[in-house]
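Reading through the structure tokens given below for one structure.
The values are calculated or read from the model by the stated rules, or taken from the named source; none is laboratory data. Keep in mind the model is a prediction, meaning the values are calculated, not measured. Glycine gets a Cβ as well: all are built from the backbone with ideal geometry, and neighbour counts include every protein chain shown. Protein only, heavy atoms only, side chains kept; ligands, DNA and RNA dropped before computing areas. Shrake-Rupley method; radii C 1.70, N 1.55, O 1.52, S 1.80 Å.
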Amino acid sequence: MIALLILLAAPAVEPGFVSLFDGKTLNGWIQVDKRGSGYLVQDGNLVCPKGGGANLYTDKDYANFILRFEFRMEEAGNNGVGIRCPETARDCAYAGMEIQILDSLHSKYKDRIKPAQHHGSVYDVIPAKTGYLKKTGEWNNEEIVVNGRKIKVTLNGTVILDGDLDTVKDPEVLKKHPGLARTTGRIGFLGHDSLVEMRNLRVRVLP
């Protein structure tokens with residue numbers, strides 16, 4: 001009966017989407033550059049613990065897709081969603097691309113980060129709108145759509161980034177971020193030694 005109740009309580013995956021996380025194991029994921037305990041599964045959540053983490057990559061490549069997930073973090077929390085990452089990349093923000101996960105309005109970061117380092121930004125490349133994160137410790141809903149050269153990030157129902165990689169023309173940025181040219185790669189979570197939890201990870205492949 002208890003198992004049945006847990007099953008009934010589990011959120012349904014939308015038509016066309018496939019779950020990336022079973023809530024019990026790291027099956028389907030590969031840890032690269034593991035620090036401390038690496039990523040853990042706790043209380044049905046995918047957890048990057050404080051003082052630990054890694055680059056946690058899917059075991060298959062994705063080119064064009066819709067990624068949906070929920071996350072919450074500690075104060076000043078810092079992580080990232082890797083997209084089109086090489087499978088062994090230690091720094092996907094440059095070798096691939098990173099969509100920032102950051103408590104970026106925290107006083108720790110005031111006047112210390114650039115616009116393209118705020119939450120939801122294509123890290124160091126395209127800035128996102130700020131002010132749409134929930135209070136620290138509350139669950140946020142995020143959707144990332146990657147389709148060709150277009151990237152759109154929706155946070156808690158608001159589009160905070162609607163970008164086109166073809167608008168990035170600065171030679172120095174392109175040199176620093178060769179991953180902007182990639183067309184496929186791994187989806188990942190890029191831990192930065194602070195507590196961030198994820199759940200309800202699901203993906204839909206686009207043609």
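List of remarks:
- Taking the numbered list (1) without any contact (Cβ under 8 Å) to a residue 12 or more places away in the chain; (2) within 23 Å of G185 (Cβ to Cβ); (3) out of contact with any Gly (no Cβ under 9 Å at 6 or more places or on another chain) in turn, K110 passes all entries but (2).
- Taken as a whole, the condition of being polar (S, T, N, Q), at negative phi, part of a loop (DSSP other than H, G, I, E, B) and at pLDDT 95 or above applies to T183.
- Residue selected from the range 121-145 under the condition farther than 21 Å from K176 by Cα and in a strand (DSSP E or B), by the criterion most open to solvent (accessible area, probe 1.4 Å): N141
- Flag if K152 is charged (D, E, K, R) and touching a strand residue (DSSP E or B) at 6+ places or on another chain (Cβ under 7 Å): yes
- Residue that is farthest from F189 (Cα to Cα) [pool: residues in the range 81-107 that are open to solvent by less than 20 Å² (accessible area, probe 1.4 Å) and part of a loop (DSSP other than H, G, I, E, B)]: S104
- In the range 15-27, the residues that are touching a Lys or Arg at 6+ places or on another chain (Cβ under 8 Å) and either surrounded by 14 or more Cβ atoms within 10 Å (Cβ to Cβ) or not in a strand (DSSP E or B) (or both): G16, F17, S19, L20, F21, G23
- Residue in the range 187-202 that is in contact with a helix residue (DSSP H, G or I) (Cβ under 8 Å, 6 or more places away or on another chain) and either farther than 18 Å from H118 by Cβ or assigned to a loop (DSSP other than H, G, I, E, B) (or both) present: yes
- Residue that is farthest from G82 (Cα to Cα) [pool: residues in the range 146-159 that are assigned to a strand (DSSP E or B) and without any contact (Cβ under 8 Å) to a residue 40 or more places away in the chain]: T158
- The residue list I30, I6, I2, I66 contains one member that is modelled with pLDDT of 90 or more, of a type in the set (A, V, I, L, M, F, W, C) and surrounded by fewer than 17 Cβ atoms within 10 Å (Cβ to Cβ), which is I30.
- Per-region count, the range 175-194, residues open to solvent by 60 Å² or more (accessible area, probe 1.4 Å) and either farther than 17 Å from S121 by Cβ or in contact with a Phe, Trp or Tyr (Cβ under 9 Å, 6 or more places away or on another chain) (or both): 7
- Of the residues making up the range 48-80, those that are in a strand (DSSP E or B) and in contact with a Gly (Cβ under 7 Å, 6 or more places away or on another chain) are C48, G53, A54, N55, L56, Y57, T58, D59, D61, R72, N79.
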